[in-house]
């Protein structure tokens with residue numbers, strides 16, 4: 001009888017231990033990279049050395065400073081990407097401006113055909129090819145929220161797209177031209193948000 005109880009005790013311990021280990025494995029897999037065709041796939045990343053996500057953009061990179069383009073770091077570009085697109089826009093422009101100009105966002109910076117091996121976009125440096133901003137210029141225009149309107153603090157959204165091909169245009173493209181051209185060749189995308197309010 002004692003042998004039978006001991007055997008049942010061992011079985012019980014094994015069942016509990018197995019359930020615990022199974023739970024640990026399931027929990028750990030939530031934070032681990034996914035595997036595809038025996039290769040680890042990581043999410044595309046976009047960060048900046050001068051501000052953290054949802055934090056204030058330094059005035060150096062705005063109309064209150066040197067108005068030089070913001071440095072960025074790019075990571076985990078898919079191996080099959082042929083080019084990258086970077087778009088910086090402001091969705092918080094005043095309603096009056098939206099109505100008078102017929103726009104929803106103010107486009108500050110557009111770069112396309114960025115080489116997929118790019119990991120650093122240095123400040124003031126052009127990588128790839130420039131598209132037209134809302135001012136109709138092929139250049140970077142820094143944050144400059146008009147202080148007489150609310151909200152005084154604006155969000156500046158940097159969107160990065162990894163593409164399965166390059167894109168070409170006869171004329172210098174707008175953001176709308178680029179988004180239309182890449183709609184069927186986007187592999188993955190990510191974004192970084194900065195904020196700025198004029199003092």
Residues that are in contact with a strand residue (DSSP E or B) (Cβ under 9 Å, 6 or more places away or on another chain), assigned to a strand (DSSP E or B), in contact (Cβ under 8 Å) with a residue 12 or more places away in the chain and crowded, with 17+ Cβ neighbours inside 10 Å: does the range 177-184 have at least one? no
(1) under 20 Å from the mean Cα position of the chain (by Cα); (2) in contact (Cβ under 8 Å) with a residue 60 or more places away in the chain; (3) surrounded by fewer than 16 Cβ atoms within 10 Å (Cβ to Cβ): which one isn't true of residue 156, the others all being true? (3)
What residue, among those in the range 51-65 that are touching a residue at least 60 places away in the same chain (Cβ under 8 Å) and assigned to a loop (DSSP other than H, G, I, E, B), is surrounded by the fewest Cβ atoms within 10 Å (Cβ to Cβ)? 54
When the range 98-121 is checked residue by residue, the ones that are touching a residue at least 12 places away in the same chain (Cβ under 8 Å) and under 30 Å from residue 147 (Cβ atoms) are 101, 103, 104, 105, 106, 107, 108, 109, 110, 111, 121
Do we have residue 170 as touching a strand residue (DSSP E or B) at 6+ places or on another chain (Cβ under 6 Å) and in a loop (DSSP other than H, G, I, E, B) here? no
Hey, any hits in the range 80-92 for a residue that's assigned by TED's automatic domain parsing to the domain that holds residue 49 and out of contact with any strand residue (DSSP E or B) (no Cβ under 9 Å at 6 or more places or on another chain)? no
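The values are calculated or read from the model by the stated rules, or taken from the named source; none is laboratory data. Please read these numbers as outputs of a predicted model, since none were measured by experiment. Every residue, glycine among them, receives a Cβ derived from its backbone with ideal geometry; neighbour counts consider all protein chains shown.
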